[in-house]
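> Here it is, the structure in full.
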Amino acid sequence: MKIQAINGFKDILPDNALLWQHIEQRARDIFQRFGMREIRVPIMEKTDLFVRSIGEATDVVEKEMYTFTEKSITMRPEATASIMRAFIEHGLHVQQPVLRLFTIGPMFRHERPQKGRQRQFHQLDAEIIGAQEPQVDAELIAMGQMLLDELNINTSLEINSLGCTVCRHPYRAKLVKYLEQHHDALCDDCKRRTHTNPLRVLDCKKSTCKALAKDAPSILDSLCENCNEHFSLVQQALQDLGISYTLNRFMVRGLDYYTQTTFEFLTSDLGAQAAVGAGGRYDGLIEQLGGPALPGIGFAMGIERIALLMEQKDDSNRLTQDIDCFIAALGQEASQPCAQLTHQLRLRGIKAAMDYSGRRLKAQMKQANRVHARFVLIVGEDELEQQKAVLRDMKTQEQHSFSLAGSISEQSERLMPLLCA
Ligand code: ATP
Ligand code: MG
């Protein structure tokens, strides 16, 4: 019986890993342009961290977490809570008033696996802690947009404001009243959510609930003066940066900690999995977790969804992992000096490869092509005797004679400029 991977957990095979490296490198590059510094947090946390931050009555906490009940620990379903935990635990705010952090890694949610939806999935996560200015919201959104643009991914940006504790309470009451009036038309989940987490009803995918949500009161009509002003300044700042967006008056997010600005980068190319990335402001979260009263804003993007979109467009095919020099050692005699030469080249930073089989030239050239070798150095037994090898440029097919005189180290030294030309 063959053992297979767990349902919803996927291998990322070498060809695909190239695409992942490309995405991650682009993300690191762009995040660093915005002054973000990397933080790496553990994959498991105390369950309570997620209950207290994400919220007890959310889908994530209610249904999706991988929790080891005897130990009360949970595989992280997202990164924000862990980053805030680390931020508080290490007193990072003492270093700097505003901290910009990012992390990249696997998250775990027990959901029904589908295209673009897995149980282990990966996020690019960015957070700005300690700044409340609306320009910061716009800057963070612009960073997400820049990444998607540079990866050539088409998304539309939707934004909303969820208000603060001042405006959310009266709004919640209005919404509950509306939902109670339409109680019979709601799905069973939403009947229950009406009192546990009414905002989530606005996000229900069932058609009857969707229809009801259209006429529900919007938080945007209930924003307090402060939140209203903040939200219009966010929009102004987005326009200043040339970021286009649409208002989605009913966007709520699946995590309870959001306040004020929320946003989603959406695609229509992944079926039911519409969100490529999403985020928002979480001004009360750090304090709620026992830290200082500092505001924060962040987003997370799903790497699987980004990778799928790039594969669908064939944008992944151009990526190859090239070898600078393949050394074709023909015959057993050639094997030992070639292995030494390969090692010397590697010491000098060259991506070098050979195989020890002593196979015929044709088979080795095939292998050289397979690994995308830029140059092939052909060393046969005759060549060894005459201290002369052939260097073939695989792009131009030109061949040059290369002298094998002197020590291996001297040979590699002479080879370097030819390979790096
Ligand atoms: P969805 O509505 O698709 O379930 P979400 O609102 O639960 O998304 P977030 O918690 O905001 O997602 O996570 C941010 C991003 O992480 C999503 O936009 C998506 O790209 C990705 N993501 C979330 N859950 C999964 C999953 N199970 N598999 C793959 N990617 C995911
Ligand atoms: Mg979800």
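> Please list the equivalent ellipsoid semi-axes of region 323-416, computed as the square roots of five times the alpha-carbon gyration tensor eigenvalues, in descending order and whole angstrom.
That gives 17, 15, 13 Å for the three semi-axes.
> Something else: Modelled label-to-label distance, Lys205 and Arg28, 7 Å Cα→beta-carbon offset: nm?
Here the answer is 3.4 nm between the modelled labels.
> Which lysines have a Cα lying under 30 Å from the Cα of Lys395, excluding residues fewer than 8 positions away in the same chain?
Straight-distance partners of Lys395: Lys313, Lys351, Lys362, Lys366.
> For a quick check, take a GNM of the chain with Cα springs below 10 Å and name the residue from Asp256, Asp59, Asp322 with the largest mean-square fluctuation.
Comparing Asp256, Asp59, Asp322 in the GNM, the peak value goes to Asp322.
> Leaving ligands and nucleic acids out of the surface, order Asp48, Asp137, Asp215, Asp189 by accessible area at 1.4 Å, largest first.
Descending accessible area places them as Asp215, Asp48, Asp189, Asp137.
> Moving on to the next point. Based on Cα coordinates alone, diagonalise the gyration tensor for region 180-272, multiply each eigenvalue by 5, take square roots, and list the semi-axes in whole Å, largest first.
The equivalent ellipsoid of region 180-272 has semi-axes of 27, 17, 11 Å.
> Place a label point 7 angstrom from the Cα of Thr165 along the Cα-to-Cβ direction, then list the residues of region 121-140 whose backbone nitrogen is under 18 Å away.
Counting backbone N atoms under 18 Å from the label point, the list is 130, 132.
> Given the C-alpha atoms of the chain, compute the convex hull and give its volume per residue in Å³.
It comes to 200 Å³ per residue, whole-number rounded.
> Could you state the accessible area per residue of region 42-168 in Å², with a 1.4 Å probe and every protein chain left in place?
On a per-residue basis, 41 Å².
> Could you tell me what percent of the accessible area of region 323-416 is made up of carbon and sulfur, with a 1.4 Å probe and every protein chain present?
Of the solvent-accessible surface of region 323-416, carbon and sulfur hold 48 percent.
> Could you tell me the calculated FRET efficiency between Val98 and Lys46, based on Cβ-Cβ distance and R0 = 41 angstrom, to the nearest 0.05?
For R0 = 41 Å, the calculated efficiency reads 0.90.
> If you don't mind, there's one more thing I want to ask. Just tell me which lysines come within less than 23 Å, Cα to Cα, of Lys206; anything on the same chain fewer than 8 places away is out.
Lys206 reaches Lys63, Lys115, Lys174, Lys177, Lys191, Lys214.
> If you don't mind, another one. As a test of the definition: which semi-axes, in Å, follow for region 1-61 when you take the square root of five times each eigenvalue of its alpha carbon gyration tensor? Largest first, please.
After scaling each eigenvalue by five and taking roots: 27, 26, 10 Å.
> If you take every DSSP beta bridge fully contained in region 323-416, what fraction is antiparallel? Give it as a percent rounded to 5.
50 percent
> Mind listing the long-range amide H neighbours of Lys351? Cut-off is under 5 Å, sequence gap 5 or more, other chains count too, H placed in the peptide plane at 1.01 Å from N.
For Lys351, the qualifying residues are Asp324, Cys325.
> Further question on the same structure: If you put +1 on each Lys and Arg Cβ and -1 on each Asp and Glu Cβ, how big is the dipole of the chain around its Cα centre, in Debye rounded to 20?
Computed charge dipole of the chain: roughly 900 debye.
> Taking amide H positions as placed in the peptide plane 1.01 Å from N, state which residues far from Lys388 in sequence (5 or more) or on other chains have amide H under 5 Å from it.
Leu404
> Note the full-extension length gain between Arg374 and Glu180 as 0.36 nm times their separation in residues minus their Cα-Cα distance, in nm to one decimal.
Separation in residues times 0.36 nm, less the Cα-Cα distance, equals 62.9 nm.
> What is the P(r) of region 62-121, as percent of Cα-Cα pairs per 5 Å bin from 0?
Going out from 0 Å in 5 Å bins, region 62-121 shows 4, 15, 20, 20, 15, 11, 9, 5, 1 percent.
> Now, a different point. Beyond 15 Å, what share of the Cα-Cα pairs of region 374-421 is found? Please give it as a whole percent.
Counting pairs separated by more than 15 Å, the tail of P(r) holds 42 percent.
> Also: Go through Met310, Met1 and list them by solvent-accessible area, largest first, probe radius 1.4 Å.
Highest to lowest solvent-accessible surface, that is Met1, Met310.
> Magnitude of the Cβ-charge dipole of region 323-416, K/R +1 and D/E -1, about the Cα centre, nearest 20 debye?
500 debye
> Still on this structure, please answer the following. If the cut-off is 15 Å between C-alpha atoms, which aspartates and glutamates fall inside it for Lys46, apart from same-chain ones fewer than 8 positions away?
Correct list for Lys46: Glu56, Glu70, Glu78, Glu89.
> How big is the Rg/Rh ratio for region 220-300, C-alpha atoms only, Rh by Kirkwood, two decimals?
0.99
> Once you place label points 7 Å from the Cα toward the Cβ at Cys224 and Glu150, how far apart are they in nm?
3.8 nm
> Related question: Within 10 Å of each candidate Cβ there may be at most 14 other Cβ atoms; applying that plus a DSSP loop requirement, which GluC sites (Glu not before Pro) in region 51-118 survive?
When the GluC sites (Glu not before Pro) of region 51-118 are filtered for loop state and at most 14 Cβ neighbours within 10 Å, Glu56, Glu70 remain.
> Using Cα centres only, tell me the gap between region 363-382 and region 129-182 in whole Å.
With region 363-382 and region 129-182 each reduced to a Cα centre, they are spaced 55 Å.
> As an exercise, identify the trypsin sites (Lys or Arg not before Pro) in region 214-259 lying in DSSP coil whose Cβ has no more than 14 other Cβ atoms within 10 Å.
none
> Give, as ranges by residue number, the residues of region 392-421 whose backbone N falls under 17 Å from the point 7 Å along Cα→Cβ of Leu361.
392-404
> For Asp256, what residues show an amide H to amide H distance below 5 Å, using hydrogens built from the backbone and excluding near sequence neighbours?
Correct list: Gly55.
> Let me ask something else about it. Write down the accessible area per residue of region 316-389 in Å², having rolled a 1.4 Å probe over the full set of protein chains.
Per-residue accessible area for region 316-389 comes out at 57 Å².
> Which of Ile104, Pro42, Phe87 sits farthest toward the positive end of the charge dipole of region 18-136, with +1 on the Cβ of Lys and Arg and -1 on the Cβ of Asp and Glu?
In region 18-136, that residue is Ile104.
> Any idea what the dipole of region 63-200 comes to, in debye rounded to 20, about its Cα centre with Lys/Arg Cβ at +1 and Asp/Glu Cβ at -1?
Around 680 debye, computed over region 63-200.
> Now a separate question. Which whole-Hz couplings ³J(HN,Hα) result when phi for each residue of region 71-79 is put into the Karplus expression 6.51 cos²θ - 1.76 cosθ + 1.60, θ = phi - 60°, listed in order with x for Gly and Pro?
9, 6, 10, 9, 5, 4, x, 6, 10
> Can you give the percent of C-alpha pairs in region 62-188 whose distance is more than 19 Å?
Tail fraction, whole percent: 70.
> Picking from Asn369, Ser409, Ala185, whose Cα lies most toward the positive end of the charge dipole for the chain (charges on Cβ: Lys, Arg +1; Asp, Glu -1)?
Sorting the options by dipole projection puts first Ala185.
> Right, here's the next one. Please list, by residue number, every one of the trypsin sites (Lys or Arg not before Pro) in region 163-209 that is coil in DSSP and has at most 10 other beta-carbon atoms within 10 Å.
Those that pass, being in a loop and sparsely packed, are Lys205.
The values are calculated or read from the model by the stated rules, or taken from the named source; none is laboratory data. All figures in this text were calculated on a predicted structure; none of them were measured in a lab. Every residue, glycine among them, receives a Cβ derived from its backbone with ideal geometry; neighbour counts consider all protein chains shown. The accessibility values were calculated without ligands, DNA or RNA, using every heavy atom of the protein model including side chains. Shrake-Rupley method; radii C 1.70, N 1.55, O 1.52, S 1.80 Å.
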